[in-house]
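Enquirer: Got a structure for you, written out below as structure tokens; questions coming shortly.
Here, each number is a calculation from the coordinates, and none is a lab measurement. Remember, predicted model here, so these are calculated numbers, not experimental data. Cβ: placed from backbone, ideal geometry, glycine included. Neighbour counts: every protein chain shown.
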Amino acid sequence: MRFGCLSFSRLHVLLAIALILPACSASAQTTNLVPTPPMGWNSWNHFGAKVTDSDVRAAADAMVASGMRDAGYVYINIDDSWEGKRDAQGNIHPNSKFPDMKALGDYIHSKGLKFGIYSSPGPKTCGGYEGSYGHEQQDADAYAKWGVDYLKYDLCSYMDIMKLHDPNQDPRTAQAMMEAAYAKMNEALLNTHRPIVYSLCQYGVGYVWKWGPKVGGNLWRTTDDIRDNYRSMTLIGFSQAGLEKYAGPGRWNDPDMLEIGNGGMSTDQYRTQMSLWAILAAPLLTGNDLSKMDATTKSILLNKEVIAVDQDNLGIQGHRVGPPQIWEKPLGGGAEVVALFNFVTDDEAEPFTLYLKDVGFTGPVHVRDLWAHKDLGVLHDSYTVTVPQGGVVMLKLWK
Ligand code: GLA
């Protein structure tokens, strides 16, 4: 049986290596590359397959001009659709939308930003462009030459390879093949000796949060693709409950990118996404057109108090305390953030009382509202507030 250019027995060796080695190799990749969740921009949610070199440059310019870079958003990530053809030696080239990847990388770096790119372990990406299958080292070398700092590696057509090589579709074989494919690109990235953040994208299949670190992943998508609507965003965001034990500095659950500013949700709903992603210590990858942001979008993406929750040094992913969607996240220095989400969209918003004891505090406790940017004074027992429909109240509590 063949596995690309590998015989089946070599596949076993590869799998054995994948099981034994990653503990050492993965740590070289993960150490301190993303001690806090990565922040930046990705082209997919707004531009899709139309993204061009000039869109990416405009995003980099806007990242700086808006103050977002200085707030921590440093990755400028091109998603699918940059790929062109391979030459006779198998080297990957960008398509005509991206005339010179090295020059683009240099431009991004000249702005004090970092450069991200996208590929797939399969022969084709999800958009039908050239994937890295059988060319992993060549592609990693090309990325390193272009100055790439971040790779999103998207399963896509590798699922067909998994089916092809195991028509019986034994889930264990599929799982082993998938892990080996991700470990293989990790090795290729390590061989370049360039620090490259490794973002696994396979929609959470096979409990990726359990084996993501083993194959060198710094972050891993936990769900299918997000859409720019409240239902999709909350289904994904609130379903992260329980995954908190798998996240920490250098290894992050990724509930997909931000939709803030793309137009499909209200201001309150976009504040919900920003707050929930921060509580989840999720990557904050904006997915809007940064060159055309209105003041409201900027105020959400640039809420530094909420960003600080996401980027807190402890790197603890928050958890759900209980209904109706009360979430909390411990912060360094003994503080804590509590978010009250009003998940109900068709009733009048009613006052809600948070009891301090339910979130592990006894009064007196200092409280600050992170969206109102206002100290609420000292609380002794409880706090009553009306949370807008689809919205959130985010409180920082400290002794
Ligand atoms: C998949 C991924 C998306 C995006 C597209 C590109 O659907 O989950 O985030 O990268 O592919 O084709």
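Enquirer: Name the residue, out of 116, 128, that is without any contact (Cβ under 8 Å) to a residue 24 or more places away in the chain and either crowded, with 20+ Cβ neighbours inside 10 Å or within 14 Å of the ligand (Cβ to nearest atom) (or both). If you could, list the steps in order and put the result at the bottom.
Expert: Details: 116 fails: without any contact (Cβ under 8 Å) to a residue 24 or more places away in the chain.
Just a single option satisfies the conditions, and that option is 128.
Enquirer: Yes or no: segment 253-261 includes at least one residue that is part of a loop (DSSP other than H, G, I, E, B) and surrounded by fewer than 23 Cβ atoms within 10 Å (Cβ to Cβ).
Expert: Narrowing segment 253-261 to residues part of a loop (DSSP other than H, G, I, E, B): 255-261.
After this cut, where a residue has to be surrounded by fewer than 23 Cβ atoms within 10 Å (Cβ to Cβ) as well, the list is none.
Looking through segment 253-261, none of the residues is part of a loop (DSSP other than H, G, I, E, B) and surrounded by fewer than 23 Cβ atoms within 10 Å (Cβ to Cβ).
Enquirer: Surrounded by 13 or more Cβ atoms within 10 Å (Cβ to Cβ), within 29 Å of residue 66 (Cα to Cα) and aliphatic (A, V, I, L, M), is that true of residue 331? So that I can check it myself, show each step before the final result.
Expert: On the way: surrounded by 13 or more Cβ atoms within 10 Å (Cβ to Cβ): yes; within 29 Å of residue 66 (Cα to Cα): yes; aliphatic (A, V, I, L, M): yes.
Yes; evaluated as a whole, the condition is true for this residue.
Enquirer: In segment 147-157, what count of residues is obtained for those that are surrounded by fewer than 19 Cβ atoms within 10 Å (Cβ to Cβ) and either in a helix (DSSP H, G or I) or within 20 Å of the chain's Cα centre (by Cα) (or both)?
Expert: Number satisfying all stated conditions: 0.
Enquirer: Name every residue in segment 141-164 that is within 16 Å of the ligand (Cβ to nearest atom) and among the small types (Gly, Ala, Ser), in order of residue number.
Expert: Hit for segment 141-164 is 157, nothing else.
Enquirer: OK, next. Note down all Cβ pairs under 8 Å where the first residue falls in segment 35-50 and is touching a residue at least 40 places away in the same chain (Cβ under 8 Å), the second is more than 15 Å from the ligand (Cβ to nearest atom) and among the basic types (Lys, Arg), and they're at least six residues apart or on different chains.
Expert: 40/114
Enquirer: So residue 184 clears everything in (1) in contact with a Pro (Cβ under 7 Å, 6 or more places away or on another chain); (2) more than 30 Å from residue 321 (Cβ to Cβ) except one condition, right? Which one?
Expert: Unmet for residue 184, out of (1) in contact with a Pro (Cβ under 7 Å, 6 or more places away or on another chain); (2) more than 30 Å from residue 321 (Cβ to Cβ): (1).
Enquirer: I'd like the residue in segment 220-237 that is among the hydroxyl-bearing types (Ser, Thr, Tyr) and in contact with an Asp or Glu (Cβ under 7 Å, 6 or more places away or on another chain) and, out of all such residues, is farthest from residue 280 (Cα to Cα). Spell out how you get there, then give the answer.
Expert: Filtering segment 220-237 for residues among the hydroxyl-bearing types (Ser, Thr, Tyr) gives 222-223, 230, 232, 234.
If we keep only those that are in contact with an Asp or Glu (Cβ under 7 Å, 6 or more places away or on another chain) too, we end up with 222-223.
Working: 222: 12, 223: 14 Å.
In this case the residue turns out to be 223.
Enquirer: Please find, within segment 238-259, the residue that is farthest from residue 287 (Cα to Cα) out of those that are within 16 Å of the ligand (Cβ to nearest atom) and of a type in the set (Asp, Glu).
Expert: Step by step, filter segment 238-259, then rank; the result is 254.
Enquirer: Please find, within segment 227-237, the residue that is nearest to the ligand (Cβ to nearest atom) out of those that are closer than 24 Å to residue 156 by Cα and either among the polar types (S, T, N, Q) or touching a Gly at 6+ places or on another chain (Cβ under 8 Å) (or both).
Expert: Step one: list which residues in segment 227-237 are closer than 24 Å to residue 156 by Cα, which gives 227-229, 232-233, 235-237.
Pick out the ones that are also either among the polar types (S, T, N, Q) or touching a Gly at 6+ places or on another chain (Cβ under 8 Å) (or both) and you get 227-229, 232.
Values: 227: 11, 228: 13, 229: 16, 232: 13 Å.
In this case the residue turns out to be 227.
Enquirer: Looking only at segment 373-395, which residues are loosely packed, with under 13 Cβ neighbours inside 10 Å and small (Gly, Ala, Ser)?
Expert: Once the filter is applied, which keeps residues that are loosely packed, with under 13 Cβ neighbours inside 10 Å and small (Gly, Ala, Ser), segment 373-395 yields 377, 382.
Enquirer: When you scan segment 79-92, do you find a residue that is in contact (Cβ under 8 Å) with a residue 40 or more places away in the chain, at positive phi and of a type outside the set (S, T, N, Q), even just one?
Expert: Looking for residues that are in contact (Cβ under 8 Å) with a residue 40 or more places away in the chain, at positive phi and of a type outside the set (S, T, N, Q), one finds at least one in segment 79-92, hence yes.
Enquirer: Show the residue pairs meeting these rules: Cβ distance below 7 Å; 6+ apart or different chains; first residue within segment 144-172 and farther than 30 Å from residue 100 by Cα and of a type in the set (Phe, Trp, Tyr); second residue within 16 Å of the ligand (Cβ to nearest atom) and assigned to a loop (DSSP other than H, G, I, E, B).
Expert: Pairs that qualify, where the first residue is farther than 30 Å from residue 100 by Cα and of a type in the set (Phe, Trp, Tyr) and the partner is within 16 Å of the ligand (Cβ to nearest atom) and assigned to a loop (DSSP other than H, G, I, E, B): there are none.
Each row is one residue, and each column tells you yes or no for (1) of a type in the set (D, E, K, R); (2) in contact with a strand residue (DSSP E or B) (Cβ under 6 Å, 6 or more places away or on another chain).
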site: 179; (1), (2): yes, no
site: 195; (1), (2): no, no
site: 206; (1), (2): no, no
site: 215; (1), (2): no, no
site: 219; (1), (2): no, yes
site: 226; (1), (2): no, no
site: 229; (1), (2): no, no
site: 243; (1), (2): no, yes
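Enquirer: Kindly state which strands (runs of 3 or more DSSP E) lie completely within segment 286-360 and contain at least 1 residues that are among the charged types (D, E, K, R). Spell out how you get there, then give the answer.
Expert: On the way: elements: 319-322, 326-330, 336-341, 351-355.
It comes to 319-322, 326-330, 336-341.
Enquirer: While we're looking at this one, here's another question. Which of the residues belonging to segment 188-223 are within 16 Å of the ligand (Cβ to nearest atom), without any contact (Cβ under 8 Å) to a residue 60 or more places away in the chain, touching a helix residue (DSSP H, G or I) at 6+ places or on another chain (Cβ under 9 Å) and hydroxyl-bearing (Ser, Thr, Tyr)?
Expert: Residues satisfying the conditions are 222, 223.
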